[in-house]
Amino acid sequence: NDPWAVFDNNASGGVSNNWAAQPEGTETGKTSSNAWHSGGHGHPQAYQGPGAEDDEWDEEGDDVKSSGGYAESDAGEGGAINRGGAHGSSMKIALNKFPGFSKSGPEVFLLSKQPAKGTKLPVYGGEVGPVWAYPDYQLDCVVADPKKGSKMYGLKSYIEYQVTPTTTNKPVNHRYKHFDWLYERLLDKFGSAIPIPCLPDKQVTGRFEEEFIKMRMERLQGWMSRMCRHPVISSSEVFQLFISYKDEKDWKTGKRKAEKDETVGVMIFSTIEPEGLPDLDLIEVEQKCEQFNRFTRAMDDGVKDLLTVGNEHWKRCTGPLPKEYQRIGKAFQNLSSVFTSSGYEGEAALTDALTAAGKTYEDIAQMVAEQPKKDLHFLMETNNEYKGLLGCFPDTIGVHKAAIEKVKEADKLVATSKITPSEKTTMSKRASTMSYALQAEMNHFHSNRIY
């Protein structure tokens, strides 16, 4: 399935550490086809985490719930981002102005009455173009110390991880479903403007095996680190709640507040303020969108190609190559045994050398088999993370493409008196704001990709 097919027509994964066995299933999140269709530090004082006795977090839901991702039914004009637009219905807007109006489409932002003043997300002009406002201090989090917990007298079990932010150095405990809740909130609130990669997939059977727990912790760490590096995500109220809530009451209050947030979906653009930047005309907006579309698509192809080549190399290193070295080593040792049977007194130096050569080849076989875990593993994990992130771009870019098309319709709507010339100007101005957000996000993406 080609994730970019929608643009052609309309001008995360398993948990195995064995890349050879399941290269496509180890992405950061669910299996990518869905997206494209639309230890530790020992902190005994750590708070035991929200929901230890909270019926809102029923463990059965934790066992069977998917890690998230974009289902086909969620995809539409704005792709999976439409999931975050449910609250848009509260915005006052004439719903009949656009044919095929979607309550979560870009027109909600382009023509709706803007919400009351709240937290703003400024975009500034930087050396590389529009950029987000970056904090003076870079936030980071450590995900560590996985521990098995249970409830209902041991009938239900789960793994809990400590999350320690650098801002407080005070650990809080979270289960996988708490990470999943955070992912859903971030997707709802920011997904139209910022690609939110899926979490590493949840595994039900065998989920307490040591290797799996280690791998999932490593991938949760990668996911949290990426969220921490994003200036908008890391400073958001819901993310700060997740990493630094004080107690269960604080968590529940913040959780309910986040779930009632109405500035979600495309309405996130109403909080974006280009500081001292001129309004862009529609042609420039469209050119920028196409430029980023081409790059992310090409990078997606390149990352997938590297993963394919890396997977093939992993297979060779853990399969035929070690066997070849073992065969050579065995042949040397067999020849040494033959020479030993001659009974010639001067044979020892030669036979010992042949035996040593044979053992060396066997050692090489072992080294070749183990080497991918020491270097290729990290390359594959990084590129796999990017594969998951790039899988979010078609939906995000799709929101911008849909907005551009709506602005193009404005002249016809003015001609038929469905909107006023003033509303048309407002639409163009807001499309410009959306473009600045996309440019700031792409510049952030490039910066992280390089540095």
Evaluation of SER342 against (1) modelled with pLDDT under 95; (2) over 20 Å from LEU376 (Cβ atoms); (3) surrounded by 14 or more Cβ atoms within 10 Å (Cβ to Cβ) (one fails), failing number: (3)
Search result, residues across region 181-198 that are surrounded by fewer than 23 Cβ atoms within 10 Å (Cβ to Cβ) and in contact with a Gly (Cβ under 6 Å, 6 or more places away or on another chain): TYR183
Which listed residue, of LYS252, LYS246, LYS214, is basic (Lys, Arg) and not in a helix (DSSP H, G or I): LYS246
Residue in region 260-282 that is small (Gly, Ala, Ser), under 30 Å from ILE404 (Cβ atoms), exposed (fewer than 15 other Cβ atoms within 10 Å of the Cβ) and modelled with pLDDT of 95 or more present: no
Residues of region 388-432 satisfying the condition of being among the polar types (S, T, N, Q) and assigned to a loop (DSSP other than H, G, I, E, B): THR416, SER417, THR420
When residues of region 163-180 are limited to those that are in a loop (DSSP other than H, G, I, E, B) and β-branched (Val, Ile, Thr), the one surrounded by the fewest Cβ atoms within 10 Å (Cβ to Cβ): THR168
Residue that is nearest to PHE295 (Cα to Cα), among those in region 370-418 that are in contact with a helix residue (DSSP H, G or I) (Cβ under 8 Å, 6 or more places away or on another chain) and of a type in the set (Phe, Trp, Tyr): PHE393
Residue match in region 152-159 (condition: within 18 Å of the chain's Cα centre (by Cα) and closer than 24 Å to GLY254 by Cα): no
Any chance GLU362 is surrounded by 14 or more Cβ atoms within 10 Å (Cβ to Cβ) and at pLDDT below 95: no
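The values are calculated or read from the model by the stated rules, or taken from the named source; none is laboratory data. The shown structure was predicted, so the numbers you read here are calculated from the model rather than taken from an experiment. Every residue, glycine as well, gets a Cβ built from its backbone with ideal geometry; the counts of neighbours run over all protein chains shown.
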